[in-house]
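Written below as structure tokens is the structure these notes are about.
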Amino acid sequence: MKKFSYSALSLVVVVVVVMAFEVRLSNAVTCSPLALSPCLPAINSSSPPSNDCCVKLREQKPCLCGYLKNPSLKQYVSSPGARRVANSCGVPIPTC
């Protein structure tokens, strides 16, 4: 009987570990500057950002340091328009 209990307990532990790993993977962000395209109208004008822009900006928040370190993207992410949009959405531009 004890052998069955240890086997069942081991199985439960393995299932919990696998589920926790899958949840962590599903919450991972795919960094894609193109995901921020809904923000372009607000960045290029004085119009307020759309809700979709703010949602995408919050999703991409973990990626902002990478964008700032990329010479091709830094000028856009650190532009005054991008800073204004980020501020409007409540997303601080990180110092990396």
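Readers should treat all values here as calculations from the given coordinates under stated rules, not as data from a laboratory. No experiment lies behind these values; they were computed from the predicted model shown. Virtual Cβ from ideal backbone geometry, glycine too; neighbours counted across all protein chains shown.
Remarks
- Only the Cβ atoms of Lys and Arg (+1) and of Asp and Glu (-1) were treated as charged; on that basis the dipole of the range 31-95 about its Cα centre amounts to roughly 180 debye.
- Karplus-derived 3J(HN,Hα) values for the range 47-60, using 6.51 cos²θ - 1.76 cosθ + 1.60 with θ = phi - 60°, are 6, x, x, 6, 4, 4, 4, 5, 4, 5, 5, 5, 5, 8 Hz; glycine and proline are entered as x.
- The per residue volume of the convex hull around the alpha-carbon atoms of the range 31-95 is 72 Å³.
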